[in-house]
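Structure, as structure tokens:
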Amino acid sequence: MAHQHAPPHTPRFHQRTRPHRPSRSFALVNGLTFVVHLLLACAAEDLLATRVAGQINLGVVAVLAQGSLLLWTAARYDRAAHEEAAYESAEER
């Protein structure tokens, strides 16, 4: 007697989808940015106190750049996770 395969439309019970996790590059980029900012704040206070325009100093510019980088990498991560989930759901159909 030949072995019968399950029809292709049956659900896959043994396959679980894992939630998308941030890649190492996400943690590396944001972690290094934070460490550099922290080291500059501790070791080079005068550098960060340098005025750029009016009351805005280099420290404020650095914090805004760090926050922008964090938001940008988070948006890229979210988009990648969304695209992966859409690909997996399309694959199941």
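For the stretch 43-82, the set of residues classified as farther than 18 Å from Phe26 by Cα and of a type in the set (Ser, Thr, Tyr) consists of Thr50 only. Under the condition of being at pLDDT 90 or above and either assigned to a loop (DSSP other than H, G, I, E, B) or acidic (Asp, Glu) (or both), the residues counted in the stretch 46-93 number 5.
The values are calculated or read from the model by the stated rules, or taken from the named source; none is laboratory data. These numbers were taken from a predicted model, which means no experiment stands behind them.
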